[in-house]
Each structure stands twice: as C-alpha cells, then as structure tokens.
Amino acid sequence: MTTGSDADAVEIRRATHDDYEDVAAFTGRIWADRGGDYIPDVYHDWLEDDDETGKKTFLAELEGDVAGIVQGVMLSPEEAWFQGMRVNPAYQRRGVSQRLNEASFEWARRQGATIGRVMVFSWNSPSLGAARKSGFEPITEFRFATPEPDADASGPLSVSSDPADAWRFWHESDARDHLRGLGMALEQSWALRELTREDFPRFADETALFAVEGDDPAAGPATPERGGVRAVAYRTRTMEQPEDGGETTLAEYGVGAWADVDAARSLFAAIARDAASLGVDETRVLIPETVEYASDASYAGVGVADEPDFVLGIDLTGA
C-alpha cells in the first residue's frame with residue numbers, strides 16, 4: 001500500500017545517458033514472455049538532447065536506486081504524449097508512478113498542453129489500472145492491419161494523393177468519429193495526435209498519402225460537392241525492429257479508413273505497392289477497433305493483429 005511518506009521520499013530528475021545500465025537492469029526483465037521491453041534497445045536514441053524543450057524523460061530514485069522512468073513529448077502546441085512509464089518491480093506500490101505522473105503533467109502544462117494521452121496494450125491490465133488511478137480516461141481503441149509488401153498488388157479502384165479530397169473523406173468518416181480524430185503522429189513513433197487539414201498536404205509532400213477514388217454504390221456517382229474518395233491512408237515512417245535476434249524493416253501507416261470492402265482492397269493494395277517500393281519486410285496500418293473494420297480487413301485478404309491497443313487521455317487544464 002502506498003503511503004504519503006513513500007511518495008515524498010521519491011526523488012525526480014531528468015534521465016541521462018549515464019543511467020542506461022540501471023534502467024536496462026530493471027526494464028530488461030519486463031514482459032519477458034512477450035519478447036521483452038523495447039526501452040533497453042532504444043534508450044540512447046530515445047533520450048532528448050540537453051537543450052530540447054519539446055521532450056523530457058523523467059527518472060525516479062528511491063533509496064539510492066533507479067525506481068522508475070517516464071517520457072513526455074509535445075506532439076502539438078496543446079497535445080502531450082506520455083510513454084515508457086516503467087516502475088522497478090522492487091519499488092512498486094511505493095508512490096513511484098504517482099510522482100512521475102505529477103512531474104510529467106506539470107512539465108506538459110508548462111509547455112502549453114491542455115490534454116495528455118497515453119497508449120496501453122490491451123493485455124497490460126496493471127498499466128490500464130494504473131492509468132485510470134492516475135486520472136486518465138478511456139478515449140479510443142485501435143488495431144493494426146498488416147498487408148504484405150507486394151509490388152504487383154492491385155485493387156478495383158484507382159488511387160490518388162489529393163490532400164483536399166483525402167481530408168474531406170477523413171473528416172466525414174466514421175473512422176474519425178471512432179478514433180476521436182486521432183492518427184499516428186509523424187513527430188514521434190508509437191504516438192497519436194489529432195489530425196488536422198494542414199497535415200494532409202504534409203503527408204503528400206513528406207511521406208505518402210493514399211486517396212482511393214470511385215463512385216460510391218450506396219450514394220451514387222461522385223460529384224464535385226460530395227467528392228469521390230472512398231478510402232484514405234498515409235505513411236508515417238519506416239523503421240528497424242529487433243526480431244528473433246536480428247532486425248526486420250517495417251513501414252507504418254498512420255490510419256486506414258474506408259467506405260466499403262472494395263475501397264479497402266484498393267487501399268491495402270496501394271499500401272502493399274508502396275511498402276514494396278521501400279523494400280521493407282512488413283507493414284502495419286492503424287485501423288479502428290470495430291467489428292466492421294476488423295472483418296473488412298480480413299475479408300479484403302489482409303492480416304490483422306491479434307490484440308487491440310487502447311488510448312487514454314487526461315485533461316491537463318485543471319489537473
């Protein structure tokens with residue numbers, strides 16, 4: 001049971017490269033049955049530079065040992081993302097996560113954040129409970145679809161990269177409603193933020209944007225007023241991932257939304273061709289966690305992750 005004296009004894013400071021061995025010692029034992037924690041693999045690249053203001057990594061110390069860690073990242077002027085919350089098993093229930101949250105929330109408010117969000121794997125019940133105890137409330141859930149890279153993939157509909165048409169479809173889509181407007185961020189891996197109209201020209205210019213075009217059989221032929229886009233996606237990044245003692249390359253797509261299965265087939269085909277052109281081994285495409293989207297993806301011949309992920313948020317204006 002946590003006591004006031006426990007939490008008061010926790011000291012918070014900025015994490016440094018010199019802390020690597022101590023952090024790796026306890027995070028390396030976490031989730032061993034699921035392939036282990038990623039933090040030891042990315043720690044040195046994960047830390048912010050000394051003069052960086054949009055990201056900060058907090059370290060907790062208790063009884064002279066490293067007791068926990070968390071990182072805050074500003075994804076937009078008002079949106080903070082918290083990630084990598086880990087508590088040393090030797091110091092659980094001692095107020096460590098409470099003090100880390102207090103420090104990261106206060107930092108985010110000073111940066112101008114009005115909302116903070118966190119992602120928790122659906123299988124991680126202890127972290128879900130800890131997030132709720134810290135004031136986070138459920139926002140949405142998603143799953144990854146995993147089309148295989150294929151230079152010859154094809155679908156029944158044509159695909160463009162028009163930002164205005166893509167935004168119009170996304171803005172009116174049920175996917176946007178379910179995801180509360182969130183998609184994977186270009187600025188930070190494994191982070192979601194609100195997508196804006198201004199993002200879509202950026203996707204088209206900097207990474208890749210896909211807008212599946214064609215008449216909607218339910219609504220009739222495309223019109224200038226209604227537009228003719230039936231699906232949309234964008235690429236966020238490519239990355240190297242450790243796997244079975246080696247590395248695999250992955251292309252990540254920040255959201256996938258569509259109106260029907262034919263549109264989904266065409267969208268996944270465009271993603272498969274794009275991934276093949278990049279020479280990656282695998283893909284992942286964020287899709288809403290609904291029966292319709294998961295079954296559409298499977299019906300379209302695309303793999304779907306076994307488990308969803310949850311996003312929770314906290315209002316920082318009064319926290």
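The values are calculated or read from the model by the stated rules, or taken from the named source; none is laboratory data. Predicted model, so just to flag it, every value in this text is computed and none were measured. Quick reminder, even Gly has a Cβ in these numbers, built from the backbone with ideal geometry, and neighbours come from all protein chains shown. Accessible surface areas use protein heavy atoms only, side chains included; no ligands, DNA or RNA. Shrake-Rupley method; radii C 1.70, N 1.55, O 1.52, S 1.80 Å.
Quick notes on this structure:
- Filter result (open to solvent by 30 Å² or more (accessible area, probe 1.4 Å), within 18 Å of Val118 (Cβ to Cβ) and in a helix (DSSP H, G or I)) within the stretch 25-48: Val42
- Residue pairs whose Cβ atoms lie under 6 Å apart, sitting 6 or more positions apart in sequence or on different chains, and linking a residue in the stretch 11-39 that is in contact (Cβ under 8 Å) with a residue 60 or more places away in the chain to a partner that is surrounded by 11 or more Cβ atoms within 10 Å (Cβ to Cβ) and charged (D, E, K, R), are Ile12/Arg99.
- Residues within the stretch 216-238 that are modelled with pLDDT of 65 or more and over 30 Å from Asp33 (Cα atoms), tallied: 8
- Matching residues in the stretch 239-269 - criterion: being among the polar types (S, T, N, Q) and at pLDDT below 95: Gln241, Thr248
- Selection within the stretch 54-113: residues that are in contact (Cβ under 8 Å) with a residue 60 or more places away in the chain and touching a helix residue (DSSP H, G or I) at 6+ places or on another chain (Cβ under 6 Å). The member of this set that is nearest to Ile39 (Cα to Cα) is Arg86.
- Residues satisfying the stated conditions in the stretch 114-128, i.e. surrounded by fewer than 17 Cβ atoms within 10 Å (Cβ to Cβ) and touching a residue at least 12 places away in the same chain (Cβ under 8 Å): Thr114, Phe121, Ser122, Trp123
- Within the stretch 129-140, the residues that satisfy the criterion of being surrounded by 16 or more Cβ atoms within 10 Å (Cβ to Cβ) and either more than 28 Å from Arg14 (Cβ to Cβ) or touching a Ser or Thr at 6+ places or on another chain (Cβ under 8 Å) (or both) are Ala130, Ser134, Ile139, Thr140.
- Filter pass, Ala145 being part of a helix (DSSP H, G or I), over 21 Å from Asp19 (Cβ atoms), in contact (Cβ under 8 Å) with a residue 60 or more places away in the chain and open to solvent by less than 20 Å² (accessible area, probe 1.4 Å): no
- Taking strands (runs of 3 or more DSSP E) as the structural unit, those lying wholly within the stretch 156-198 and holding at least 2 residues that are open to solvent by less than 30 Å² (accessible area, probe 1.4 Å) and under 30 Å from Gly72 (Cα atoms) correspond to 182-184, 192-194.
- Among the residues of the stretch 171-215, those identified as more than 28 Å from Pro156 (Cβ to Cβ) and at pLDDT below 95 are Glu187, Gln188, Ser189, Trp190.
- Pairs meeting the criteria (first residue in the stretch 291-319 and within 19 Å of Arg132 (Cβ to Cβ) and of a type outside the set (A, V, I, L, M, F, W, C), second residue modelled with pLDDT of 95 or more and exposed (fewer than 13 other Cβ atoms within 10 Å of the Cβ), beta carbons under 7 Å, at least 6 apart or on different chains) are Gly313/Glu137.
- Taking the stretch 49-113 and the strands (runs of 3 or more DSSP E) fully enclosed by it, the elements with 1 or more residues that are open to solvent by 10 Å² or more (accessible area, probe 1.4 Å), more than 16 Å from Gly313 (Cβ to Cβ) and of a type in the set (Lys, Arg) are at 55-62, 79-87.
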